[in-house]
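A.B. asks: First the structure, then my questions, so here it is.
The values are calculated or read from the model by the stated rules, or taken from the named source; none is laboratory data. None of these values were measured; they are calculated from a predicted model. FYI the Cβ positions are ideal-geometry reconstructions off the backbone, even for glycines, and counts take in every protein chain you see. Ligands, DNA and RNA are stripped out before the accessible areas are found, and what is left, the full protein with its side chains, is counted by its heavy atoms. Shrake-Rupley method; radii C 1.70, N 1.55, O 1.52, S 1.80 Å.
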Amino acid sequence: MLISNLEILPNSRIVRHIGLVQGSSVRSKHVGRDIMASFKNIFGGELQGYTELLHESREEATERLIEQAKSVGANAVINVRYSTSSIAAGAAEIFVYGTAVELEPA
Amino acid sequence: MIELGFFVVFLACGFIFGQRAEKRHFKSIVKRESQSLSLPVVASKYPPDDQPYKQILVSGNVVVASDYFKSFTAGLINIFGGRVTPFESLLDRGRREAILRMKSAAQSHDASYVFNVKLETSRIVTGRAGAIEVLAYGTALVSTEPLTSNRTISSSATSPSAT
């Protein structure tokens, strides 16, 4: 499955546009992590727990996007965009969307 | 009185550790940036068609927290208005770090370019204080006709035949 945020694939031809596919994931950390984070807020620096959380969350959302693209018979998703929004304290929604297309078999 | 004591301690901690962490972070950013100069990061949507490339989506993200001193001075500046320099440097750190992580992800695929780079910033709410998340993503173009990576192999392959 080709995932790209470009719209142009120089060496392959798009046979069919299928439409928008998406994947999302809402996650939060347990309270212990939040307490650790508030300590970090005094000293500053990277919050590694949150970096990992959001990274995993993004991977899951992409996984769901791929699943959906497969289910509609696509073999590539182009023009992929990510978007993040914080839903509540300590929880964030990761949303990923793109255009599912069918490429000519190479 | 106790509260004031806590406040002064937090402020001092934030100032000392925060400044030190920021200095160290900038030092490492500058070092890694000069090491990864060979990989061009482009905001263009149109990939080159001089040779076939495989496209892979790569990303890098980082969550950086503000320290107590930064938050406090930002609050003070907020009263009078103007440039909130403590947060400017925080965002700069976040962005450059995210781009560097995206680049190292692209380098692990032996990419020759990263195209259509997008940067996204969002505020992470953790209790009452602030942290920001920066995401950098783009499409890594990996040459399927190995030119640069094969050059070393071919030169080593030709050298024994030359001798």
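A.B. asks: Being open to solvent by less than 40 Å² (accessible area, probe 1.4 Å) and either more than 23 Å from B:Ser112 (Cβ to Cβ) or of a type outside the set (S, T, N, Q) (or both) is true for just one of B:Val8, B:Val58, B:Val30. Which residue is that? Talk me through it step by step, then tell me what you get.
C.D. replies: Details: B:Val8 fails: open to solvent by less than 40 Å² (accessible area, probe 1.4 Å); B:Val30 fails: open to solvent by less than 40 Å² (accessible area, probe 1.4 Å).
Exactly one residue qualifies, and that residue is B:Val58.
A.B. asks: I'd like to verify a number: residues in the range B:78-124 that are more than 12 Å from chain A (Cβ to nearest Cβ) and not in a helix (DSSP H, G or I), how many?
C.D. replies: Number of matching residues: 8.
A.B. asks: Right, next: Given the conditions (1) among the acidic types (Asp, Glu); (2) out of contact with any strand residue (DSSP E or B) (no Cβ under 6 Å at 6 or more places or on another chain); (3) open to solvent by less than 60 Å² (accessible area, probe 1.4 Å), report the number of the one that B:Glu3 does not fulfil.
C.D. replies: All conditions are met except number (3).
A.B. asks: Right, another one. Which numbered condition trips up B:Phe72, out of (1) more than 14 Å from every other protein chain (Cβ to nearest Cβ); (2) not in a loop (DSSP other than H, G, I, E, B)?
C.D. replies: So B:Phe72 meets the others, but not (1).
A.B. asks: Residues B:Ala162, B:Ala129, B:Ala74, B:Ala136: which one is modelled with pLDDT of 95 or more and among the small types (Gly, Ala, Ser)? So that I can check it myself, show each step before the final result.
C.D. replies: Working: B:Ala162 fails: modelled with pLDDT of 95 or more; B:Ala129 fails: modelled with pLDDT of 95 or more; B:Ala74 fails: modelled with pLDDT of 95 or more.
Residue meeting the stated conditions: B:Ala136.
A.B. asks: Taking only pairs six or more apart or across chains, which ones have beta-carbon atoms under 6 Å, a first residue in the range B:47-69 that is more than 7 Å from chain A (Cβ to nearest Cβ), and a second residue that is open to solvent by 40 Å² or more (accessible area, probe 1.4 Å)?
C.D. replies: Listed pairs, sorted by first residue: B:Gln51/B:Glu145; B:Lys54/B:Thr144; B:Ile56/B:His109; B:Gly60/B:Arg101; B:Phe69/B:Phe15.
A.B. asks: What is the residue count in the range B:19-48 for residues that are within 28 Å of A:Glu7 (Cβ to Cβ), of a type in the set (Val, Ile, Thr) and not in a strand (DSSP E or B)?
C.D. replies: Total satisfying the criteria: 1.
A.B. asks: Could you go through the range B:3-18 and let me know if any residue there is on the phi < 0 side of the Ramachandran plot, modelled with pLDDT under 90 and not in a helix (DSSP H, G or I).
C.D. replies: No, there is no match, as no residue in the range B:3-18 is on the phi < 0 side of the Ramachandran plot, modelled with pLDDT under 90 and not in a helix (DSSP H, G or I).
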